[in-house]
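S.K.: This is the structure, below, for whatever I ask next.
The values are calculated or read from the model by the stated rules, or taken from the named source; none is laboratory data. For clarity, every value in this text was computed on a predicted model and none was experimentally measured. All Cβ positions, even for glycine, are placed from backbone atoms using ideal geometry, and neighbour counts span all protein chains on display. The protein model used for the area step is the full one, side chains on, heavy atoms only, and it has no ligands, DNA or RNA in it. Shrake-Rupley method; radii C 1.70, N 1.55, O 1.52, S 1.80 Å.
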Amino acid sequence: SSIISVAKKLFDEGLDVSLVSRDISMRVKCDSIGVRSEDYIREKAVINRAEAYTGVSVLNIPKTDVDSFYKNGYIDTDEDFYVNECVVLKSEERSSALAIADGNGGLNTLFTKSKDNISVQGISPRNKEQRFSFELLLNPNINMVTLTGMAGSGKTLISIASAMEQLLDGSYDKIIISRPVQSMSGDIGYLPGTKEEKMMPWIQPIFDNLAHIYEGKHGYIDLMVQKGKIEIEALTHIRGRSIPNAFFILDEAQNITIHEAKALLTRMGEGSKIVLLGDLEQIDNPHLNTSSSGLSTIVELFKEFRLSGHITLLKGERSELATYAAKIM
């Protein structure tokens, strides 16, 4: 209120005043008394979500080019695709192919092409966005993957399946799981116990997906946790750590700020891979929106980086009810 009072006084004196704040309540109060206010633009990734990077494009080409792509595993184009952008090649004869851009106008066959009927720990993609997600998650040359999309689109399931696949084949030493401690509604209060016990209610969705993959093998999951192969970490304690050769999954990443995102990404050591998952339409942090979320900022800032990739998943696969609710509410 003191800040608003100062702004109002300066405004009444005839000065050109604008109050800058990420607090939407403060901006509403300023509007009610006629003082101009605005959000903190510096941390905004993109103003119009319709223009946001999705990671997937469609390219219409002649059938002969599609045939050439299948034969050689590569074609040159005049299109300006981002590096690691996924592309659906289509021709008028209904011939199609899936490709990934090299950032120099070339389109390559998928790294996981040999797995046409891909199944990762028993999980198979149900749409092209999920297929592209597996491509990025399983590619050892990509160190960061961001997956966004509506609730029930499969972000967590395909990420944890890919993580377990690469943990078991020795690509990574362990899986680290974390999530911002941000409540959807009122806080339930103090949670007793160790760090792992305190974090368990927050990261339970990931363990639900592990239970789905290893149905009837709860002891196996518990053993992996006890052996340190699956580790639970709180973002509160991430600063100062160096995390080498690990597969790091951050769920509900739409609730982190750009400062928290930077603190997390700068912890990643040699040989590590980080996956950030989130639904930008379900932000619980009252000081963030779809433009200022750390997740949306990362998507936009890293779209030209050769070691990262992004996919926006468009289809809900959890249930018809979940998909319908995500669309209309």
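S.K.: Run the quick spin-label model on Val181 and Asn117: label points 7 Å from Cα toward the beta carbon, then report their separation in nm to one decimal.
M.R.: A separation of 4.7 nm, rounded to one decimal place.
S.K.: Just the Cα atoms of region 84-168, one point each, no solvent: what log10 I(q)/I(0) does Debye give at q = 0.12, 0.17, 0.26 Å⁻¹?
M.R.: Each listed q corresponds, in turn, to -0.37, -0.73, -1.46.
S.K.: Also, I was wondering about something else. If one computes the Cα centroid of region 95-138 and of region 1-31, what distance in Å separates the two points?
M.R.: 51 Å
S.K.: Same structure, new question: More than 11 Å apart: what percent of Cα pairs in region 57-99 qualify?
M.R.: In whole percent, the share of Cα-Cα pairs in region 57-99 beyond 11 Å is 62.
S.K.: Please compute the length gained on full extension between Asn245 and Leu15, using 0.36 nm multiplied by the number of residues separating them and subtracting their Cα-Cα distance. Can you show the working numbers first?
M.R.: Values: separation 230, 0.36 × 230 = 82.80 nm, distance 5.58 nm.
So the extension gain works out to 77.2 nm.
S.K.: If we sort 234-242, 62-70 on the protection proxy, mean other Cβ atoms within 10 Å, highest first, what's the order? Numbers along the way, then the final one.
M.R.: Working: 234-242: 12.7, 62-70: 15.2.
Top to bottom by mean Cβ count within 10 Å: 62-70, 234-242.
S.K.: Right, something else. In degrees between 0 and 90, to the nearest 10, how far off the longest principal axis of the chain does helix 2-12 point, with axes built from Cα atoms?
M.R.: Tilt relative to the chain: about 70 degrees.
S.K.: Sticking with this structure for a sec: Nearest 10 degrees is fine. How inclined is helix 63-72 to the longest principal axis of the chain, computing both from alpha carbons?
M.R.: Tilt relative to the chain: about 70 degrees.
S.K.: Based on the Cα gyration tensor of the chain, what are the three equivalent ellipsoid semi-axes, each the root of five times an eigenvalue, rounded to whole Å and given largest first?
M.R.: So the three semi-axes of the chain are 37, 29, 18 Å.
S.K.: Moving on to the next point. If you build the convex hull over the alpha carbons only and average its shadow over all orientations, what do you get for region 187-329? Give it in nm² to one decimal.
M.R.: Values: hull surface 43.6 nm².
So the mean shadow area of the Cα hull is 10.9 nm².
S.K.: May I pose another question? Given an 8 Å cut-off on Cα distances and at least 6 residues of separation, report the relative contact order of region 220-329 as a percent.
M.R.: 23 percent
S.K.: Which of the peptides 142-152, 255-265 is most tightly packed, and how do the rest follow, going by the mean number of other Cβ atoms within 10 Å of each residue?
M.R.: Per-residue Cβ counts within 10 Å, averaged per peptide and sorted highest first, yield 142-152, 255-265.
S.K.: Starting from the residue with the highest accessible area, list Phe134, Phe111 in decreasing order, probe 1.4 Å.
M.R.: Phe111, Phe134
S.K.: Okay, next question. If Rh is defined by the Kirkwood formula over all Cα pairs and Rg also comes from Cα, what ratio Rg/Rh do you get for region 118-170?
M.R.: 0.93
S.K.: Projected area of region 290-329, taken from the Cα convex hull and averaged over every viewing direction, in nm²?
M.R.: 3.9 nm²
S.K.: Starting from the Kirkwood radius over alpha-carbon pairs of region 214-282, derive D by Stokes-Einstein at 25 °C in a medium of 0.890 mPa s and give it in µm² s⁻¹.
M.R.: Value of D from the Cα-based Kirkwood radius: 180 µm²/s.
S.K.: On a full-extension model of 0.36 nm per residue, what is the gain between Asp169 and Tyr220, subtracting their alpha-carbon distance, rounded to one decimal in nm?
M.R.: In short, 16.7 nm is gained.
S.K.: Run the simple label-point estimate for Val88 and Tyr40 please: 7 Å along Cα→C-beta, distance reported in nm.
M.R.: Going by the 7 Å Cα→Cβ label model, 3.9 nm.
S.K.: Under the 0.36 nm per residue contour assumption, what length would be gained going from the current alpha-carbon distance of Met200 and Leu307 to full extension?
M.R.: Fully extending the segment from Met200 to Leu307 adds 35.4 nm.
S.K.: Calculate the radius of gyration of the Cα atoms of region 1-145 to one decimal place, then report Dmax, the largest Cα-Cα distance, as a whole number, both in Å.
M.R.: Spelled out, the Cα radius of gyration and Dmax of region 1-145 are 24.6, 73 Å.
S.K.: How far apart, in nm, are two points set 7 Å out from the Cα along the Cα-to-Cβ line at Asn72 and at Asn127?
M.R.: Result for the modelled spin labels: 3.3 nm.
S.K.: If you don't mind, another one. Kirkwood hydrodynamic radius of region 256-329 from all distinct Cα pairs, in Å?
M.R.: In region 256-329 this quantity evaluates to 14.2 Å.
S.K.: How many angstrom lie between the Cα centre of region 199-235 and the Cα centre of region 249-328?
M.R.: 21 Å
S.K.: Could you tell me which residue out of Asn104, Leu138, Leu89 lies farthest along the dipole of region 79-185 toward its positive end? Charges go on the beta carbon: Lys and Arg +1, Asp and Glu -1, centred on the Cα centre.
M.R.: The Cα lying farthest towards the positive end belongs to Leu138.
S.K.: Please list Asp284, Asp169, Asp279 from largest to smallest accessible area, probe radius 1.4 Å, with all protein chains kept in place.
M.R.: Result, largest first: Asp169, Asp284, Asp279.
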